[in-house]
Every structure is written in structure tokens, then in C-alpha cells.
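The values are calculated or read from the model by the stated rules, or taken from the named source; none is laboratory data. All of these numbers come straight from a predicted model, not from anything done at the bench. Don't worry about glycine lacking a Cβ; one is built from the backbone with ideal geometry, like all the others, and counts go over all protein chains shown.
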Amino acid sequence: MPESFKKNLGGEEILLPEINNKALVLLKDLVLIFSFSFLTAISAKFKIEIGPVPITLQTLVVLLSGAFLGAKKGAASQVFYLLGGVAGFPWFSRGGGIPYLFSPTLGYIMGFIFAAYLVGFLTEKGGGKDIKSAVLVMLIGNIVIYIPALIWLLNFFDPQKALLVGLYPFIIGDLAKLILAGLILAKNQKLIEEYKPR
């Protein structure tokens, strides 16, 4: 007879509920991770085509993935988003598949991973508890997206052109999205604490 079952018969603390609890926590984490992957995919479809890089709602979801899921799970949600798109799911802004690895927008998707991790890290360390702090956290996360994005665009354009097509058109929209993300973060601290890694 298994030891965990013997302990159960004796009324002592047993191993089985602990295993079940861990399984439930893992299941919950996976659901949250895949949910934000899917939300990122949906937000990619809300787009305005303006050139090599479209305007989308993705940055809003990416920043919130880090805030709500934390560093590791937030980054994981964007890793799964990337892997799913490369695997062929049409949830990038312009479809999906292996050819996307050679797209001008790949750098932004790589930036999503770093941004989600950093926003999650700063939130875990106590950032974002008030509106000013939350907007600052989101601003930092948003800037991080553009580092690999612009570096990757240099494979396709000269530096001036990379800024013209990959940064300048997005500044106003990104400011609006990061302010909204900051407001959501600051106003949902109880929910953030519930999912905060222990």
C-alpha cells in the first residue's frame, strides 16, 4: 500500500493532495500563459497597414502579460506566441509560418519576450502600485520592444529608414497604449498580487 495512502487512512497530512494542488497550479499557469498568447494573436489582427511594419494593439497585451503573469510566465506567453506563429498558426499580424523568420517584424516579436519579462520583473519587485510608477514600468517595457526591433530592421533598411518605418509612426499610439496599460496595472493590484509568483 502506498505511503501516501497509508497516511491518508491515519488522518495525517498526505502527499496526494499536494500533488493534486501542484497539478492544478500548473494547469492554471498554462491556461493563463496560453490565454495571453492567444490575446496577443488576436490583438495582432487589429491593425493599420502603413508600410513594412503595421500598427497593432499587440504592445498593450504584451505589457499586460508581464504585469499580470510575472516575468517568467509573461515571457513564456510570448515565447509560445512566437513558436505558434512560426509553426504555422496564422496569428502574426500578416499570417504565420517559417517565412516569418525573415520578416521585418520578427524583431518586434523578439522584443515582446524581453518586454514581458522586464515588466513582470519590475512588477514583482513592487513597481506599478500607483499610476505614475505603473506608467513608468510600461514605458520601460515599451522601449525594450524597440531595441531588438530596430536592430533587426537594419537587415532591411539603413538606420534612418529603419527609424522612419519602425519607430516614428508608432510613438503616439504607443504612448496611448502604455498609459492605458499603466492605468490597468495600477487599478488591479489585488489581481496582480493573486497571480504574483511566490
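Data for the structure
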quantity: For residue 81: the one exception among (1) within 23 Å of residue 179 (Cβ to Cβ); (2) touching a strand residue (DSSP E or B) at 6+ places or on another chain (Cβ under 9 Å); calculated: (1)
quantity: Candidate set: segment 54-68, residues that are of a type outside the set (Val, Ile, Thr), touching a Ser or Thr at 6+ places or on another chain (Cβ under 6 Å) and part of a helix (DSSP H, G or I); chosen: the one surrounded by the fewest Cβ atoms within 10 Å (Cβ to Cβ); calculated: 58
quantity: Index of the failed condition, residue 186 passing every other in (1) within 21 Å of residue 75 (Cα to Cα); (2) surrounded by 21 or more Cβ atoms within 10 Å (Cβ to Cβ); calculated: (2)
quantity: Of residues in segment 81-95 being of a type outside the set (Lys, Arg) and surrounded by fewer than 18 Cβ atoms within 10 Å (Cβ to Cβ), the one nearest to residue 115 (Cα to Cα); calculated: 83
quantity: Within segment 90-114, tally of residues that are within 22 Å of residue 157 (Cβ to Cβ) and either part of a helix (DSSP H, G or I) or in contact with a strand residue (DSSP E or B) (Cβ under 7 Å, 6 or more places away or on another chain) (or both); calculated: 13
quantity: Members of segment 74-132 found to be over 20 Å from residue 47 (Cβ atoms) and among the charged types (D, E, K, R), listed by number; calculated: 124, 125, 129, 130, 132
quantity: Boolean, residue 154 is under 16 Å from residue 182 (Cα atoms), in contact with a helix residue (DSSP H, G or I) (Cβ under 7 Å, 6 or more places away or on another chain) and at pLDDT 95 or above; calculated: no
quantity: Answer residue from segment 130-169, given it is over 21 Å from the mean Cα position of the chain (by Cα) and either among the polar types (S, T, N, Q) or closer than 16 Å to residue 61 by Cα (or both) and is surrounded by the fewest Cβ atoms within 10 Å (Cβ to Cβ) among those; calculated: 160
quantity: Within segment 43-53, considering residues that are in a loop (DSSP other than H, G, I, E, B) and either in contact (Cβ under 8 Å) with a residue 12 or more places away in the chain or under 12 Å from the mean Cα position of the chain (by Cα) (or both), the one surrounded by the most Cβ atoms within 10 Å (Cβ to Cβ); calculated: 53
quantity: Contacts under 6 angstrom Cβ, first residue in segment 105-129 being at positive phi and surrounded by 24 or more Cβ atoms within 10 Å (Cβ to Cβ), partner of a type outside the set (Gly, Ala, Ser) and part of a helix (DSSP H, G or I), 6 or more apart; calculated: 128/137; 128/185
quantity: Segment 176-191 residues that are over 8 Å from residue 138 (Cβ atoms), paired with ones that are charged (D, E, K, R) (beta carbon under 9 Å, 6 or more apart); calculated: 186/129; 186/130; 186/132; 189/129
quantity: Qualifying helices (runs of 4 or more DSSP H) (wholly inside segment 122-198; at least 1 residues being of a type outside the set (D, E, K, R) and under 30 Å from residue 51 (Cα atoms)); calculated: 131-153, 159-166, 171-187
